[in-house]
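Worksheet: the structure to be examined is printed underneath.
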Amino acid sequence: MKNIVCFHLFNDYSGSPKVLRTVLDGLLKRNAKVTLVSSRGGVLDEINNTGLSRKNTYTYSFSPKAAVTMLKYTLVQLWTFLTAFRFMFKRNTVFFINTILPVGPALAGRIMGKKVVYHYHENAFAKSAFYRVLAGSMQKLANEIICVSHYQASFLKRRKNISVVHNALPTTFVTGLKPDSENAFNKQNVLMVSSLKDYKGTREFISLAHELPQFRFTIVINDTPENIEHYLSTNKISCPDNLKLYPRQDNVTTFYNDASIVLNLTNKDMAIETFGLTALEALAAGVPVIVPTVGGVTEFVTHGENGFLIDVQNLPEIKQTIVNLLSDRTLYTTIAANALKSAGKFSEEKMIESIAQILQLPLKK
């Protein structure tokens, strides 16, 4: 039996731990023996404990002070580096590193001669020098690298043992969606599911809500109510009456079922989406999307077909596109139908089978 030891730094409800949960559930169904090493407090806590051979957890959070965050990060790397040596004498073991952040256990794995597989979610080369150093370490330490898009893979200097496996949605998530283009059009509701980082476009989304009072706006922010309130007050941002703001949610299907359009307003000058999971979630709900013009998201959103590629710097065009879509029922239902059809190409089963092959697990019978 293959032993999969998975390391993930920060367990919350963002894209990479969501994908990891889907992957681990799939590996467990293939009778892999899985150990998870991650923090507490997110979607990974929902994995059935009886399915895992072991779950090692720790406390981790970000701090407003960069020095404090770096200290916490360093301590976790040291702890996971040492923890990894528990598996020194376990044969047939693969270290599965989710994101580029857990460098400590990756290094330990190579020292012990274990196979190290990275599931690479970020675009390190559009981030800070720290992330670029981690990306360089990944390319030296990994036996295999799984990228989530061709766009992301194109930045790596390394060319051997690179695989592109597009993300997919868990079947349990998809079954909770209720695609209905007529009903969605009538709701006249613009949704964004995002984090509180400036480059994610929270300010711009609220600005659109101010400028389009005839429509409803909903934003779900992956953070605590206290941090959201601090962000709004510090930046002197006021919310109009047609905007509803929600903190971190453990289930967002109800929000997609209540949406007419889903926006991704990531600023390409500050960060680029390597995949864009919220856009795929929207398509699976049969909801048109407006997303940036670059990044992995362009590999499944086609302008004018199942959504629209418009940069956040062009807010007037985004505004006009929202008006056009929510004023023309025929146009809307056509785009919505294409959205639902395109989402079907990204199946959970296909993603799991691809990763299982890379981990050298037996295919599902």
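The values are calculated or read from the model by the stated rules, or taken from the named source; none is laboratory data. The structure displayed is predicted, hence computed values, not measured ones. We place every Cβ from the backbone using ideal geometry, glycine too, and count neighbours over all the protein chains shown. Please note that ligands, DNA and RNA were not included when accessible areas were found on the heavy atoms of the full protein model with its side chains. Shrake-Rupley method; radii C 1.70, N 1.55, O 1.52, S 1.80 Å.
Tell me the accessible surface of Thr74 in square angstrom (1.4 angstrom probe, heavy atoms of protein chains only), to the nearest ten.
70
Local charge sum around Leu36 (other residues, Cβ-Cβ under 14 Å, Lys/Arg +1, Asp/Glu -1)?
Local charge sum for Leu36: +3.
Which of the aspartates and glutamates could a cross-linker bridge to Lys341, judged by Cα under 12 Å and excluding same-chain residues fewer than eight apart?
Lys341 reaches Glu305.
Ratio to report: Rg/Rh of the chain, with Cα atoms as the point set and Rh obtained by the Kirkwood method; give two decimals.
Rg/Rh: 0.97.
Just to verify a number: what accessible area does Leu208 come out at with the full protein assembly present, 1.4 Å probe, Å² rounded to tens?
Estimated to the nearest 10 Å², Leu208 gives 0 Å².
Summing -39500 (n - 2.57) over the DSSP H runs of n ≥ 4 in the chain and dividing by its residue number, what mean residue ellipticity at 222 nm do you reach, to the nearest 500 deg cm²/dmol?
Calculated from helices alone, the mean residue ellipticity at 222 nm is -11500 deg cm²/dmol.
Using 0.36 nm per residue, how much length does the chain from Ser137 to Thr302 gain when fully extended, once their Cα-Cα distance is taken away?
Answer, rounded to one decimal: 56.0 nm.
Once the dipole of the chain is set up with Lys and Arg at +1 and Asp and Glu at -1 on Cβ about the Cα centre, which of Gly176, Pro17, Ala259 lies farthest towards its positive end?
Pro17
Can you list the trypsin sites (Lys or Arg not before Pro) in the stretch 80-111 that are in a DSSP coil and have 16 or fewer other beta carbons within 10 angstrom?
Lys90, Arg91
Less than 25 Å apart at the alpha-carbon level, and either on another chain or at least 8 residues along: which lysines does that give for Lys55?
Hits, sequence-local ones excluded: Lys2, Lys18, Lys29, Lys33, Lys72, Lys90, Lys114, Lys115, Lys364.
Given a 1.4 Å probe, how much area per residue of the stretch 209-308 is accessible, in Å²?
I get 40 Å² per residue for this part.
How do Glu273, Glu211 stack up against each other in accessible area, from largest to smallest, with a 1.4 angstrom probe?
Listed by decreasing accessible area, they come as Glu211, Glu273.
Need one number for the stretch 1-158: average projected area of the convex hull over its C-alpha atoms, nm².
Result: a mean projected hull area of 9.0 nm².
Given a cut-off of 19 Å, what percent of all Cα-Cα pairs of the stretch 58-132 lie beyond it?
Here the tail beyond 19 Å accounts for 42 percent of pairs.
Taking R0 as 51 Å, what's the FRET efficiency between Asn92 and Ala66 from their Cβ-Cβ distance, rounded to 0.05?
Rounded to the nearest 0.05, the efficiency is 0.80.
Using heavy-atom solvent-accessible surface (probe 1.4 Å) with all chains present, what is the largest-first order of Cys239, Cys6?
Cys239, Cys6
Taking just the alpha carbons, could you work out the radius of gyration and Dmax for the stretch 250-329, both in angstroms?
12.1, 35
Can you give me the Kirkwood hydrodynamic radius for the stretch 144-209, using every pair of distinct Cα atoms, in Å to one decimal?
With all distinct Cα pairs of the stretch 144-209 included, I get 16.0 Å.
When the C-alpha atoms of the stretch 285-361 are aligned to their principal axes, what extent does each axis show, in angstrom, from largest down?
The Cα atoms of the stretch 285-361 stretch 50, 28, 14 Å along their principal axes.
Return the loop-located trypsin sites (Lys or Arg not before Pro) in the stretch 144-246 (DSSP other than H, G, I, E, B) with at most 10 other Cβ atoms within 10 Å of their own Cβ; answer none if there are none.
Lys157, Arg159, Lys160, Lys236
Please report the orientation-averaged projected area of the stretch 91-178, defined via the convex hull of its C-alpha atoms, in nm².
Its Cα hull, projected and averaged over all orientations, spans 7.4 nm².
Just the Kirkwood number for the stretch 1-90, please: inverse of mean 1/r across all distinct Cα pairs, in Å, one decimal.
13.9
How much of Thr22 can a 1.4 Å solvent probe reach, expressed as accessible area in Å² and rounded to 10?
Probe radius 1.4 Å; accessible area of Thr22 about 0 Å².
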